[in-house]
Amino acid sequence: MVGITLNKANAMRSRFMFPAFVLAALVGVSMPVLAAYPDKPIRLIVPSAPGGAPDVLMRALATQLSLQMGVPFVIDNKPGGSYVIGTMDLVRSPPDGYTLAYGNVVSLATNRALLSSIPYDVDKDLTLISNAVRVVNMMVVSNSLPVRNVPELIAYAKKNPGKLAYASDGNGTTAHLGVELFKSMTGTYMLHVPYRAATSAITDLIGGGIQLMMVNTPVAAPQAQAGRVRALGMSSNQRLAAFPDIPTIAESGVPGFEVVAWGGVIGPANMPKELVARLNAEIRTALANPVLRERFKSLGADTDPSTPEEFRELSRRETLKWAKVVKFSGAKID
């Protein structure tokens with residue numbers, strides 16, 4: 001009787017147990033492949049132009065990840081379309097961990113409020129792995145503009161409505177919406193000139209073709225320190241240790257003003273949880289590295305790791321915040 005019972009049990013168990021290779025196929029990545037990951041270069045899509053803050057910061061992170069994981073990280077710049085072009089490249093990629101991308105306040109939050117239609121769904125088409133960086137903006141003006149501080153800028157703008165032009169590194173970026181928020185809070189009016197890249201915009205600012213930018217500190221700070229542009233204020237709620245002499249915009253007559261850019265690493269939908277956990281751990285380790293932290297700090301940025309769940313909640317919270325700013329300011333994609 002015992003032998004018969006065991007044979008029946010084995011037969012039943014064989015009916016309901018999948019071979020290892022079948023089970024692995026069902027979850028999308030084979031167990032041996034997951035155990036060996038990574039065994040080839042990883043492509044990291046940056047949906048903005050070379051030389052901008054996202055590019056500079058992600059290259060620094062990619063260098064550290066490459067050292068940790070033993071494979072090259074290849075940066076693939078895909079600028080244009082308010083981050084849509086690069087993000088859609090990721091959406092169409094296999095969820096095997098060999099194609100990742102930079103996702104930020106634009107692609108994961110402001111696009112939902114600014115674009116009449118968006119070809120991807122953040123919640124359905126993307127895997128949010130970890131936030132990585134927190135960056136504040138620096139307000140800088142052309143040296144030819146006769147203002148030395150934020151109050152003087154406000155007074156000048158009010159006397160010359162529509163005669164000042166400000167640049168951004170694209171529609172929906174904090175360089176765009178930050179100035180729109182500033183305009184709405186100060187009762188001023190300036191023309192928006194969107195560029196494909198922050199480097200091109202700041203070149204025109206230096207030349208006097210435009211008068212103002214409120215752009216990520218890693219882009220603005222070197223130009224301000226070299227005296228090519230004039231720094232008026234920071235978009236943070238307190239002064240940065242790296243730039244103690246530059247006041248915040250909030251303390252310069254615009255109380256409550258704060259704009260913070262953020263971004264991290266994302267993947268296509270349906271990435272296996274084990275793979276997401278592995279990448280999240282690697283990113284956290286990289287961001288804790290003293291050399292990388294110092295590099296970020298020198299660029300005016302802070303490391304800001306998160307769990308996948310915290311990253312998704314950040315995206316949802318910022319979506320609501322910027323939707324209100326867009327409605328309040330009347331900002332448009334132009």
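What to note about this one:
- Whole-Å distance, taken between Cα centres, linking the stretch 141-173 and the stretch 288-315: 31 Å
- 3J(HN,Hα) along the stretch 204-220: 5, 5, 4, x, x, x, 10, 10, 8, 9, 10, 10, 3, 3, x, 8, 7 Hz, from the Karplus curve 6.51 cos²θ - 1.76 cosθ + 1.60 with θ = phi - 60°, whole Hz, x for Gly and Pro.
- Percent of beta bridges antiparallel (DSSP, the chain, rounded to nearest 5): 65 percent
- When peptides 188-197, 99-108, 205-214, 319-328 are sorted by average Cβ neighbour count within 10 Å, with the highest value leading, the order is 99-108, 205-214, 188-197, 319-328.
- Separation between Cα centres of the stretch 231-283 and the stretch 180-213, rounded to whole Å: 20 Å
- Potential lengthening of the chain between Y189 and T203 amounts to 2.8 nm, from the contour at 0.36 nm per residue minus the alpha-carbon distance.
- The stretch 222-334: C-alpha gyration tensor shape, a/c 1.5 cut-off, then a/b vs b/c: oblate
- Rounded if a/c under 1.5, otherwise prolate or oblate - the chain, Cα gyration tensor axes: prolate
- Counted by Cβ distance under 11 Å from S48, the other residues give a net charge of 0, where Lys and Arg count +1 and Asp and Glu count -1.
- Computed extension length for R59-E251: 65.8 nm, one decimal, from 0.36 nm per residue of separation with the Cα-Cα distance subtracted.
- Projecting label points 7 angstrom from Cα along Cα→Cβ for I85 and N143 puts them 3.3 nm apart.
- Under 5 Å, built H, 5+ apart or other chain: amide partners of W262: V105, V135
- Calculated FRET value between A277 and A165, using beta carbons and R₀ = 56 Å, to 0.05: 0.75
- Shown for the stretch 63-209: the carbon plus sulfur share of the solvent-accessible area, taken with all protein chains present and a 1.4 angstrom probe, equals 52%.
- Cross-link table K78/K158; K297/K327; K78/K324; K273/K324, entries beyond 31 Å C-alpha to C-alpha: K78/K158; K297/K327; K273/K324
- Residues within the reach of a label modelled at K297 (point 7 angstrom out along Cα to beta-carbon, backbone nitrogen below 19 Å), restricted to the stretch 66-86: there are none.
- Protein accessible area in the stretch 221-261, 1.4 Å probe - carbon and sulfur %: 46 percent
- Excluding ligands, DNA and RNA, the accessible surface per residue across the chain is 45 Å² with a 1.4 Å probe.
The values are calculated or read from the model by the stated rules, or taken from the named source; none is laboratory data. Quantities reported herein were computed from a predicted structural model and do not represent experimental measurements. Using ideal geometry, Cβ is built from the backbone for each residue, glycine included, and neighbour counts are taken over all protein chains shown. Side chains included, ligands, DNA and RNA excluded: accessible areas come from the protein's heavy atoms. Shrake-Rupley method; radii C 1.70, N 1.55, O 1.52, S 1.80 Å.
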